[in-house]
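The values are calculated or read from the model by the stated rules, or taken from the named source; none is laboratory data. Please read these numbers as outputs of a predicted model, since none were measured by experiment. When we count neighbours, we look across all protein chains shown, and the Cβ atoms used for this are built from the backbone with ideal geometry, even at glycine. Areas reflect the complete protein model, heavy atoms only, side chains present, ligands, DNA and RNA absent. Shrake-Rupley method; radii C 1.70, N 1.55, O 1.52, S 1.80 Å.
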Amino acid sequence: QVQLVESGGGLVQPGGSLRLSCLGSGISISRSNMAWYRQAPGKQRELVAFIFIGGSTTTTADSVKGRFTISRDNAKNTVYLQMNDLKPDDTAVYYCKREWPGTSWGQGTQVTVSS
């Protein structure tokens, strides 16, 4: 059974940092294309960052470029999203997703950026 479990969300002040983790079970993170999405209240879910198999190629949305970094630790079967210089507009539920092979979603973790 495939399961993705996110953690690391919380309340942070503007300009602060958080690192989200996505632990996979029932799958091999190292042999999967993985992504982070987010969904703010009243908005559509949007792609934030993507990492290809091998980890050498990543993409990030223009809105977070230069602030967010996606990475993976194959030994821990975990994907990370390092978020720096957080802004109130980054407030959302963040989801981990396995993009290939097959698709699976995590349950999400809340990130709130507020003073």
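Looking at the structure I just gave you, is residue 33 surrounded by 15 or more Cβ atoms within 10 Å (Cβ to Cβ) and on the phi > 0 side of the Ramachandran plot?
Against the criterion (surrounded by 15 or more Cβ atoms within 10 Å (Cβ to Cβ) and on the phi > 0 side of the Ramachandran plot), residue 33 does not qualify.
Among the residues of the stretch 36-51, write down those that are on the phi < 0 side of the Ramachandran plot and either acidic (Asp, Glu) or surrounded by fewer than 15 Cβ atoms within 10 Å (Cβ to Cβ) (or both).
Once the filter is applied, which keeps residues that are on the phi < 0 side of the Ramachandran plot and either acidic (Asp, Glu) or surrounded by fewer than 15 Cβ atoms within 10 Å (Cβ to Cβ) (or both), the stretch 36-51 yields 39, 40, 41, 43, 44, 46, 47.
Among all residue pairs at least 6 apart or on different chains, which show Cβ distances below 6 Å where the first residue, located in the stretch 19-43, is aromatic (Phe, Trp, Tyr) and the second is assigned to a strand (DSSP E or B) and open to solvent by 60 Å² or more (accessible area, probe 1.4 Å)?
From the stretch 19-43, the pairs are 37/47.
Which count do you get for residues in the stretch 45-60 that are part of a loop (DSSP other than H, G, I, E, B) and over 16 Å from residue 30 (Cα atoms)? Working first, answer last.
If we filter the stretch 45-60 for residues that are part of a loop (DSSP other than H, G, I, E, B), which is where we start, we get 45, 52-57.
With the extra rule that they be over 16 Å from residue 30 (Cα atoms), the set shrinks to 45.
Number satisfying all stated conditions: 1.
Mind listing just one residue for me: the one in the stretch 2-30 that is over 26 Å from residue 115 (Cβ atoms), touching a strand residue (DSSP E or B) at 6+ places or on another chain (Cβ under 8 Å) and part of a loop (DSSP other than H, G, I, E, B) and, of those, least open to solvent (accessible area, probe 1.4 Å)?
Looking only at the stretch 2-30, we keep the residues that are over 26 Å from residue 115 (Cβ atoms), and these are 2-5, 22-30.
Cutting the leftovers down to touching a strand residue (DSSP E or B) at 6+ places or on another chain (Cβ under 8 Å) gives us 2-5, 22-27, 29-30.
Filter once more, so that each one left must be part of a loop (DSSP other than H, G, I, E, B): 2, 26-27.
Working: 2: 60, 26: 65, 27: 22 Å².
Only one residue tops the list, namely 27.
Any idea which of (1) β-branched (Val, Ile, Thr); (2) modelled with pLDDT of 95 or more; (3) open to solvent by 60 Å² or more (accessible area, probe 1.4 Å) is the one residue 58 doesn't satisfy?
The single condition residue 58 does not satisfy is (2).
Since residue 52 meets every condition but one in (1) touching a residue at least 24 places away in the same chain (Cβ under 8 Å); (2) under 17 Å from residue 100 (Cβ atoms), which condition does it not meet?
(1)
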